[in-house]
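Q: Quick one: structure below, then a few questions.
Each reported figure results from applying straightforward, stated rules to the coordinates on display, with no laboratory input. Here the structure is a predicted model, which means the values were calculated and not measured. Here the Cβ positions follow ideal geometry from the backbone for every residue, glycine too, while neighbour counts run over all protein chains shown.
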Amino acid sequence: MRMLLNIRIPNEPFNTLVREGRIGVLMQKILEETRPEAIYFTEQQGKRGAVAVIDIADATAIPALAEPWFLQLNADCELRIAMLPEDLMKAGLDALGDKWK
């Protein structure tokens with residue numbers, strides 16, 4: 001199941017980790033552990049943020065994805081299920097449309 005992990009990172013402890021020269025090692029460790037298909041770093045609500053695309057087998061993988069961000073960076077995380085166009089085509093929208101007319 002493909003998910004989008006939306007990460008909002010507060011200034012602290014990130015600023016301190018940058019000043020101490022430790023953020024690179026920490027980010028590398030988090031990314032090696034979570035192994036996103038892709039990750040995009042961006043601004044979110046005026047602060048640091050990221051959006052990661054992650055493929056998981058089931059919901060039991062969610063804590064291992066979010067906890068490093070929570071525990072190491074005090075980040076806020078939101079998870080959303082995402083579909084590829086092929087997934088949407090398999091969803092049976094035509095039948096659902098007929099059922100809910």
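Q: Got a sec? Which of Ala57, Ala95, Ala52, Ala91 is under 14 Å from the mean Cα position of the chain (by Cα) and either closer than 23 Å to Asn11 by Cβ or small (Gly, Ala, Ser) (or both)?
A: Ala52
Q: List the strands (runs of 3 or more DSSP E) inside segment 1-92, counting only whole elements, that have at least 2 residues being surrounded by 10 or more Cβ atoms within 10 Å (Cβ to Cβ), in contact (Cβ under 8 Å) with a residue 40 or more places away in the chain and out of contact with any Cys (no Cβ under 9 Å at 6 or more places or on another chain).
A: 2-9, 47-55, 76-81
Q: Being hydrophobic (A, V, I, L, M, F, W, C) and over 11 Å from the mean Cα position of the chain (by Cα) is the filter here, so list the residues in segment 60-74 that pass it.
A: Ala61, Ala64, Phe70, Leu71, Leu73
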